[in-house]
Amino acid sequence: MRRGVSGGPEDVARVYLEAWARNDLVAQRGMLVEVPADFDAQHAKWRQALGIVASRFEELHLESEDDVAAVVTFHGVHTLRGLGDWEVASRLRFERRGNRWVARWTPEVFHPEARAGDTFTRLRAWGPRAALLDAAGAPLTVPGEVISIGLYPGRVRDVTAVAQALQTQLGVDPARVQAALRSTGAQPEQFFALIDVRPERYQQVRPVLAPVPGIFFRKKTARLTPAEGFAAHTLGRVGEVTAEALQALGHPYQAGDLVGLSGLERAQERTLAGSPSGEVRLVHRSGESVLLHRFDGAPGTPVRTTLRREVQAAAEAALLDVTQPAALVAVDTATGEVLAVASRPLGEALHRALTGRYPPGSTFKVVTAEALLASGLKPDTRADCPVEATAGRRRFRNFESEAFGASTLRQVFALSCNTAFIQLSARLGRGALEDAARRFGFGVRYDVGLPSPGATFPEPQDDADRAAASMGQGRVLATPLHMATVAAAVDTGRWHAPRLLADAEAGPEESLRPGTPEALRNLMRAVVMEGTAKSAAGVQGLMGKTGTAEFGTAVPPETHAWFIGLRGGIGFAVFVEGGGVGGRVAVPLAMRFLQELDAAQSSAR
């Protein structure tokens, strides 16, 4: 092979470095006086040891040149996986052969201090992960030990038995078990973690789970919250980075790193984790280690949430024995700050409190009532409640065929009469219901701190669509979080976008029409004292609205159970998916929530 390329030393150096940058060892070898036997191996070892993913070269300078030799200096920038750029000033030596310049390769091309037989190494480490804090600034996450419960696919004998055991004992969605076993990358002896539990919970479930072939347990360190399941979906979990997360996070992450995989741990990953520190070292044949470069990492920064520990604990206690999918959210009526948010089941990834959107049913009558009050109606305005009402050639009936005859707005609100609200809303001016929905944040975009689609109120297409919308059915959808803000707005007369992060800027706000908040509080108190939530009449100061929202195509339709409430500066929503009747299912959960909260506040005094 004819060695070298045309041009002066700088020209040849530029071509050589371009080949090096694209890892073209064949082209590099073609420009050398002689090729070391381990040339390829040295480059591979250098890249692998330092985790070099890319190199670029700049600032070429002819340092010296005579008739037989030349030296070209250059500036190399090598990108080290998971650390960043390592900048090295080095040199290439050239010899003239005939009318061409060819390079004499030595290890100093990698670094000026490198000699034959030396090796490169690197160190990399993350500092302690910062904590998620509650509203008072106390840590919600601390290091501790958990038990990871999962599967060895090759040892599963009965998939149904495994799925049932995990669902019954821990609420793990059977679909997750099936997905783990069907995974194309599944190895018979590869452990698939499904859920992490504290040692005390492990001791409770082990007698049932351990005998089931295929279910196994592993100890590991993890981030612990104040109690099992405490704000689990919201705070999230930490684990080894997945391929998906690695692609999304990019630099400075690499395989094997521990990262936030869900909730605020994922959303605030870069803030909580900081950045890794590292070193590049040259190890001489003598064993002496020389520091060539240090990467200064940055510690993680704590993230303060708006969660109040006693309110969150009360929400968890309220849902403790609920076996159906459910959610409970509480917000500060003056600010929109989220004080508590809980989703069930814990073993399901869906954070239904924030991301689940459902027809709000009769809880939406708070919005419709505000529109009616803004139009001039009073709580004592006459309202009829027949068994059936027609709108746009569609017949609507009351739940369980109830009828109350001649009543008032206060009474039909308290007893949640659909037909009365359909007739009353038909008297509203064009756009009045849409404007009221907007005042309660429907259609308003906001950033909670975690994904949450808010609420939608599509413009009704006809009279029948408007009638359905007036009672929270049809195409009206809202998250449990959003319905908590609806209740909260009645307290202050101002709707505040919800937020989970204490230091985040306040989101959008909307004002209710003058005079309507006081009247709405009157109506919502009537729901508790004499209406569909009268089982909670003993709860001092409670105001609210029940909802039984129809969904699906079954006859009769299935229903979600709702209750939105207001007391002591806290607006809240209780939701049970497919739970049935709001007054019978959601109201008792709301009462338990308030009782637990009262007990916690009393003990703190």
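Please tell me if Glu550 is closer than 20 Å to Met471 by Cβ and surrounded by fewer than 24 Cβ atoms within 10 Å (Cβ to Cβ). Write out each step before concluding.
On the way: closer than 20 Å to Met471 by Cβ: yes; surrounded by fewer than 24 Cβ atoms within 10 Å (Cβ to Cβ): yes.
In short, yes.
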Hand me the list of strands (runs of 3 or more DSSP E) wholly inside the stretch 77-160 holding 1 or more residues that are aliphatic (A, V, I, L, M) and over 30 Å from Asp38 (Cα atoms).
-> 119-125, 142-151
Any idea how many residues of the stretch 286-340 are more than 22 Å from the chain's Cα centre (by Cα), more than 30 Å from Glu505 (Cβ to Cβ) and not polar (S, T, N, Q)?
-> 14
Scan the stretch 170-180 for residues that are among the aliphatic types (A, V, I, L, M) and surrounded by fewer than 17 Cβ atoms within 10 Å (Cβ to Cβ) and jot them down.
-> Ala175, Ala179
The stretch 367-385 residues that are under 19 Å from Arg466 (Cβ atoms) and open to solvent by 30 Å² or more (accessible area, probe 1.4 Å), paired with ones that are not aliphatic (A, V, I, L, M) and not in a loop (DSSP other than H, G, I, E, B) (beta carbon under 6 Å, 6 or more apart) = Ala374/Thr516
Which residues, counting only those in the stretch 130-148, are surrounded by 15 or more Cβ atoms within 10 Å (Cβ to Cβ) and either without any contact (Cβ under 8 Å) to a residue 40 or more places away in the chain or over 22 Å from the mean Cα position of the chain (by Cα) (or both)?
-> Ile147
Of Gly287, Gly347, Gly300, the only residue that is modelled with pLDDT under 95, open to solvent by 10 Å² or more (accessible area, probe 1.4 Å) and not polar (S, T, N, Q) is Gly287
Only one of Gly565, Gly571, Gly544, Gly507 is under 30 Å from Pro302 (Cα atoms), open to solvent by less than 40 Å² (accessible area, probe 1.4 Å), in contact with a helix residue (DSSP H, G or I) (Cβ under 6 Å, 6 or more places away or on another chain) and of a type in the set (Gly, Ala, Ser); which?
-> Gly571
Number of positions in the stretch 35-46 that are open to solvent by 40 Å² or more (accessible area, probe 1.4 Å) and in contact (Cβ under 8 Å) with a residue 24 or more places away in the chain = 3
Mind listing whichever residues of the stretch 373-392 are at pLDDT 90 or above and not aliphatic (A, V, I, L, M)?
-> Ser375, Gly376, Lys378, Pro379, Asp380, Thr381, Arg382, Asp384, Cys385, Pro386, Glu388, Thr390
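The values are calculated or read from the model by the stated rules, or taken from the named source; none is laboratory data. Source: prediction; values computed, not measured. FYI the Cβ positions are ideal-geometry reconstructions off the backbone, even for glycines, and counts take in every protein chain you see. For accessibility, only protein heavy atoms count, side chains too; no ligands or nucleic acids. Shrake-Rupley method; radii C 1.70, N 1.55, O 1.52, S 1.80 Å.
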